[in-house]
Every structure is written in structure tokens, then in C-alpha cells.
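The values are calculated or read from the model by the stated rules, or taken from the named source; none is laboratory data. This one's a predicted model, so the numbers in the text were calculated from it and none came from an experiment. Every residue, glycine among them, receives a Cβ derived from its backbone with ideal geometry; neighbour counts consider all protein chains shown. In case anyone asks, the SASA skips ligands and DNA or RNA and just uses the protein heavy atoms, side chains included. Shrake-Rupley method; radii C 1.70, N 1.55, O 1.52, S 1.80 Å.
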Amino acid sequence: AFWRTMPLPEAAWHGVFHAVSAFCNAGFDLQGEFRSLVLFEQAPIVNGTLMLLIQAGSLSYIVFADLAVRRRWKLLALDSKLVISGNAALLAVGTIVFMVTEWNRTLSETPLVARPMVSLFQSVASRTAGFATVNFADVHAVILFAWVGLMFVGGASGSTAGGVKISTVMVIVSTFVSSLRGATEPTAFGR
């Protein structure tokens with residue numbers, strides 16, 4: 001996909017660099033001038049590949065090993081369940097908040113069919129990857145505030161992502177919900 005905008009050797013370098021950078025959740029800007037990946041806003045191959053690599057790096061080997069061995073939700077370790085459910089919730093909330101807030105702002109010139117992908121990419125990249133396919137100088141203050149919260153959470157323990165970790169936030173949420181229910185101890189997923 002990079003080959004469409006640059007010579008093949010440079011495109012190959014950009015592909016390899018971005019793949020490693022995405023997995024390590026370290027979104028460096030090779031384009032310069034704070035453009036990040038704005039040129040590839042509507043490129044499904046670039047967006048999809050980077051989202052998968054960012055998620056692979058931010059979910060941790062521990063969760064993937066648990067999924068490979070146990071293969072069923074019911075058998076997964078509590079930590080894996082907390083990380084997977086917390087990650088899904090953060091991705092959904094981030095995508096919806098971005099799409100609703102930016103629909104008539106930074107997404108106004110994006111085709112309707114590409115807006116969900118762009119919003120999902122921003123939600124995935126926000127947690128510590130640092131890539132952007134929109135100009136963040138133009139986003140609403142609500143997005144900046146929400147993205148600080150997503151960056152604060154980060155990824156799973158043992159992952160390449162930063163933050164206080166999904167499992168930590170999920171334990172706090174479980175404690176809060178359990179205390180609202182009047183329970184003496186926090187519980188999650190029946191444990």
C-alpha cells in the first residue's frame with residue numbers, strides 16, 4: 001500500500017518499520033510534519049494490518065497463550081477474561097465516541113463507508129500506539145479528553161503497551177460494581 005505513494009525500497013522500509021512499530025505500540029511518524037498516517041486514512045490494508053498488530057502487541061502473550069491452550073471462554077483465566085472484555089469495551093466506546101463527535105468535523109470529507117474504519121483505527125491506536133489517520137489539530141476537545149483516558153488505561157499486563165493496564169482498571173470497575181451491589185468482596189465472571 002505504501003508503494004502507491006513512494007518508491008519500492010522506501011515503501012518496503014515503511015511497511016516493515018510500521019509493522020514493528022505497531023506491534024510494539026510505538027507509533028513513530030515517518031512522514032514528517034506531524035502527518036502520521038493521514039495519507040492512508042482510507043486504506044483498508046494499512047489500517048487493518050496496523051490495527052491487528054497494535055492489538056496483538058497490546059493484549060500480551062499471556063492472553064494469547066491462554067486462548068491457544070483453553071480455547072473456550074468458560075475455561076479462560078480470570079485475567080484473560082478481564083483483559084478481553086475490557087479491551088472490547090474500550091474499543092467500542094472509543095470508536096463510538098470518535099464517530100459521533102467527529103462525524104461532521106474531521107470525518108466530514110471521509111466517505112460514509114470509511115468513517116467506521118477510521119473511527120475504529122483511532123480507537124485502537126489511541127491506547128498507546130500513537131498513530132493517527134486524521135489531523136488531531138482539528139479534533140474536538142472531547143476527543144482529546146477521551147483519548148487521555150484511553151491512553152491512561154493502555155494495554156494488558158505483560159504487553160508492549162503502556163498505561164496502568166486493562167486488568168487494573170477492570171479490577172477497580174469490578175470492585176465498584178460489587179460495592180454497589182452490597183457485596184463484601186469484588187467479583188467478576190463468578191470468581
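What the table below lists for this structure:
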{"item": "Out of 141, 137, sole residue that is at pLDDT 95 or above and open to solvent by 60 Å² or more (accessible area, probe 1.4 Å)", "result": "141"}
{"item": "Tally, over region 66-120, of residues that are among the basic types (Lys, Arg) and under 18 Å from residue 133 (Cβ atoms)", "result": "2"}
{"item": "Filter pass, residue 63 being part of a helix (DSSP H, G or I), under 22 Å from residue 151 (Cα atoms) and hydrophobic (A, V, I, L, M, F, W, C)", "result": "yes"}
{"item": "The lone exception for residue 187 - which of (1) of a type in the set (Val, Ile, Thr); (2) assigned to a helix (DSSP H, G or I); (3) over 27 Å from residue 29 (Cβ atoms) it fails", "result": "(2)"}
{"item": "Residues of region 46-87 classified as open to solvent by 20 Å² or more (accessible area, probe 1.4 Å), more than 16 Å from residue 159 (Cα to Cα) and not polar (S, T, N, Q), total", "result": "11"}
{"item": "Neighbours by Cβ (under 6 Å, 6+ apart or cross-chain): first from region 107-133, surrounded by fewer than 20 Cβ atoms within 10 Å (Cβ to Cβ); second small (Gly, Ala, Ser)", "result": "130/27"}
{"item": "Which listed residue is free of Cβ contacts under 8 Å to residues at least 40 places away in the same chain, hydroxyl-bearing (Ser, Thr, Tyr) and open to solvent by 50 Å² or more (accessible area, probe 1.4 Å), from 160, 168", "result": "168"}
{"item": "Residue list for region 66-85, filter: part of a helix (DSSP H, G or I), more than 10 Å from residue 189 (Cα to Cα) and over 21 Å from the mean Cα position of the chain (by Cα)", "result": "68, 69, 70, 73, 75"}
{"item": "Residue check, residue 101 modelled with pLDDT of 95 or more and either out of contact with any Gly (no Cβ under 7 Å at 6 or more places or on another chain) or part of a helix (DSSP H, G or I) (or both)", "result": "yes"}
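Yes/no matrix, rows are residues, columns are (1) among the polar types (S, T, N, Q); (2) assigned to a helix (DSSP H, G or I); (3) more than 20 Å from the chain's Cα centre (by Cα); (4) more than 13 Å from residue 87 (Cα to Cα):
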| residue | (1), (2), (3), (4) |
| --- | --- |
| 108 | yes, no, yes, yes |
| 125 | no, yes, no, no |
| 129 | no, no, no, yes |
| 150 | no, yes, no, no |
| 167 | yes, yes, no, no |
